[in-house]
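Asks: Take this structure first; my questions come after.
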Amino acid sequence: MTGVQTCALPISFTSGIAPGELITLFGTGLATSNAIDATFPLTLAGVTVRINGRAAPIYVVSPTQLSVIVPYETTGIADIVVSRNNLNSNRVTLYVNRTAPGVFALAAPALGIPVSSIGLGYAAALHPDFSLVTAQNPARIGETIAVYLTGLGAVTPAVANGAAGPVNPLASATENLDVHLANRAAKITYAGLAPQLRGLYQLNFEVPAGVGAGNQYLEIGGPDTFNSQILLPVGGPRAASQVEDQSPVRTRKGPTGSGSSSGSRER
């Protein structure tokens, strides 16, 4: 292996990974073919990834890239080894944080960001009516929107590694989080696993008063990391007919888009 990054961060880690996070491993000869499995098996196309000796649920394999979920039991230092048909890779070690928030992103052609790009763009977010938040359909003051991300860490009640987020009860993040939009604090109404989806967290928050119209930076902080490199398009106040709040999305399909975006640094 030559590098590790979150699936919502286009640069290699410098500050650590988090339990439950969807990460990408880079290298050569990692697999003999391309494969994808949305059920997140522990072995895919002859490839197994072990983190501190525990098999990690796998989403994608290819000769140069693997995407896996960090087991919730991972603490301290993460020791990562890829095994392909019983042949082991070199070991990569990383610090394990309590959180490492990384927001997934849609492409943003208006910003010169193509569909295939990762790293910058608009947050993958939904309005209360489940339509995408876009420049043409921006978030509104007072509206509660849902943002999709990874790296929120442990949840309660506990779930199996790679399992879909439960619906009743919801699996809520145990760590304290804070959200700011254009430097204004936002009220969080839910943070935890996205119901009925695998490898994905969801963060619901109310767009705070006083945020100006336009592309605004969304900031998400945890106890040991901070994310501030994703944009959210904002319009004026919500219409009177708009829903006051939004329950966590209960669908197997989240917002569609490519790549991901976020920066993660120590607070």
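None of the figures in this text is laboratory data; all of them are computed from the coordinates on show. All figures in this text were calculated on a predicted structure; none of them were measured in a lab.
Asks: According to the Kirkwood expression over distinct Cα-Cα pairs, how big is the hydrodynamic radius of region 23-65, in Å?
Replies: Across region 23-65, the inverse of the average 1/r is 10.4 Å.
Asks: Right, something else. Viscosity 0.890 mPa s, temperature 25 °C: Stokes-Einstein D of region 17-95 from its Kirkwood Cα radius, in µm² per second?
Replies: Result for D is 202 µm²/s.
Asks: Just to check I understand the Karplus step: with θ = phi - 60° and J = 6.51 cos²θ - 1.76 cosθ + 1.60, what whole-Hz values come out for region 39-46, glycine and proline as x?
Replies: Values per residue, Gly and Pro as x: 8, 6, x, 7, 9, 9, 6, x Hz.
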